[in-house]
Amino acid sequence: MRKVKKIVGIAKGTLDFILEACKSNHPREFIGILSAEGELITDVFFLPGTISSDESAIIRMDMMPMGLCSVGSVHSHPHPAATRPSEQDLLMFSKTGEYHIITFFPYTEHNWRCYNSKGEERELGIVERD
Ligand SMILES: [Zn+2]
């Protein structure tokens, strides 16, 4: 069984990178897998074969790199009103970890939320690193 890591936050540089990637993909949906170094989310991986559309984002779990320790996922919602996870999102959340970021247009530092694997909103701190 995979050990569930305790996460204290996301590195600011990682969040900035995610928001930039969402902006450059807009109006297409951006999707990736989050991984952590210790207690901090520090990396985002784009998975080959990821299907994305305006409606939903589907991760191909068979394309997950071996040894990648996934703590959650990130994807964008191109419609600013849609901040809540969809049914499809919840299915994907349950397979990829405990921390799931949804960003939404226009993808500023305020346009994101973090959810747990059940789709309940949760706190995620932003940590500045040198
Ligand atoms: Zn979604």
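The values are calculated or read from the model by the stated rules, or taken from the named source; none is laboratory data. Please read all numbers here as calculations on a predicted model, not as lab measurements. Virtual Cβ from ideal backbone geometry, glycine too; neighbours counted across all protein chains shown.
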#### Entry: the range 61-73 - residue that is more than 10 Å from the ligand (Cβ to nearest atom) and crowded, with 17+ Cβ neighbours inside 10 Å and, of those, modelled with the lowest pLDDT
Ser70
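Does the range 74-90 contain at least one residue that is on the phi > 0 side of the Ramachandran plot and modelled with pLDDT under 90?
no
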### Task
State all residues of the range 78-106 that are surrounded by 12 or more Cβ atoms within 10 Å (Cβ to Cβ), assigned to a loop (DSSP other than H, G, I, E, B) and within 14 Å of the ligand (Cβ to nearest atom); if no residue qualifies, say none.
Pro78, Ala82, Thr83, Arg84, Pro85, Ser86, Phe105
### Query
Considering the range 1-60 alone, what residues qualify as being at pLDDT 90 or above and surrounded by fewer than 11 Cβ atoms within 10 Å (Cβ to Cβ)?
Ser24
### Message
Given (1) within 16 Å of the ligand (Cβ to nearest atom); (2) touching a Leu at 6+ places or on another chain (Cβ under 7 Å), identify the lone condition not met by Cys22.
### Response
(2)
